[in-house]
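*Asks:* For reference, the structure I am asking about is given below.
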């Protein structure tokens, strides 16, 4: 599913994801709290639908969805490992599989670090920047799980 990142509703969703309240969003934009609430409900449905579709297409059994953070927690059936689906403004929908790899020799090394760093920033989460994307991802995922209860 296409995520409408340029729509006003997505902007409201991003603001809420960083911790802004509906009333703060409404006051900032000069609209009603009810208008913000309605827009967020509509965007939450789009986000959840997108996360579910991505999980289904990647054969991921869903454990939990945090619509407000834009994260799906699950388990990959074919790879038998934990899997995550993320909604990122900059990177779109991304699937991340837990794995122990040789990050230093991987062609995706730079992209992984960039994605982890960007996604943490989008969520307002501080993580330690290291040369090991696996360690950064583990720290980020632990913090996201903590936020998602």
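*Asks:* Can you tell me which residue within the range 105-125, out of those that are free of Cβ contacts under 8 Å to residues at least 24 places away in the same chain and outside any loop (DSSP other than H, G, I, E, B), is farthest from residue 141 (Cα to Cα)?
*Replies:* 105
*Asks:* Still on this structure: Return yes when residue 116 is more than 24 Å from residue 58 (Cβ to Cβ) and surrounded by 15 or more Cβ atoms within 10 Å (Cβ to Cβ) and no when it is not.
*Replies:* no
*Asks:* From the list 51, 40, 72, pick out the single residue that is part of a helix (DSSP H, G or I), in contact (Cβ under 8 Å) with a residue 12 or more places away in the chain and in contact with a strand residue (DSSP E or B) (Cβ under 7 Å, 6 or more places away or on another chain).
*Replies:* 51
Condition check ((1) exposed (fewer than 14 other Cβ atoms within 10 Å of the Cβ); (2) within 17 Å of the chain's Cα centre (by Cα); (3) within 15 Å of residue 67 (Cβ to Cβ)) across all residues:
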| site | (1), (2), (3) |
| --- | --- |
| 3 | no, yes, yes |
| 10 | no, yes, yes |
| 15 | no, yes, yes |
| 22 | no, no, yes |
| 30 | yes, no, no |
| 33 | no, no, no |
| 43 | no, yes, yes |
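*Asks:* Separate question: I'm trying to understand the selection: among the residues of the range 17-34, which are in contact with a helix residue (DSSP H, G or I) (Cβ under 7 Å, 6 or more places away or on another chain), part of a helix (DSSP H, G or I) and over 21 Å from residue 84 (Cα atoms)?
*Replies:* Within the range 17-34, 22, 23, 25, 26, 33 qualify.
*Asks:* Which of the numbered conditions does residue 109 fail, given that it passes all the others? Conditions: (1) modelled with pLDDT of 90 or more; (2) surrounded by 13 or more Cβ atoms within 10 Å (Cβ to Cβ); (3) touching a helix residue (DSSP H, G or I) at 6+ places or on another chain (Cβ under 6 Å).
*Replies:* Every listed condition holds for residue 109 apart from (1).
*Asks:* Please verify whether residue 54 is modelled with pLDDT of 95 or more and under 19 Å from residue 119 (Cβ atoms), treating the condition exactly as stated.
*Replies:* Yes; evaluated as a whole, the condition is true for this residue.
*Asks:* Then there's this: With the condition kept exactly as written, say whether any residue in the range 139-148 is in a loop (DSSP other than H, G, I, E, B) and modelled with pLDDT of 90 or more.
*Replies:* no
*Asks:* Also, quick follow-up: Starting from residues that are buried (at least 17 other Cβ atoms within 10 Å of the Cβ) and without any contact (Cβ under 8 Å) to a residue 40 or more places away in the chain, keep the ones in the range 126-147 and report whichever is nearest to the chain's Cα centre (by Cα).
*Replies:* Across the range 126-147, the extreme among qualifying residues is 140.
*Asks:* Of the residues 98, 89, 68, only one is in contact with a helix residue (DSSP H, G or I) (Cβ under 7 Å, 6 or more places away or on another chain), under 24 Å from residue 136 (Cβ atoms) and surrounded by fewer than 16 Cβ atoms within 10 Å (Cβ to Cβ); which?
*Replies:* Unique residue meeting the criteria: 68.
The values are calculated or read from the model by the stated rules, or taken from the named source; none is laboratory data. Predicted model only: the values in this text are computed from it and were never measured. In this analysis, Cβ positions are derived from the backbone assuming ideal geometry, glycine residues included, and neighbour counts consider all displayed protein chains.
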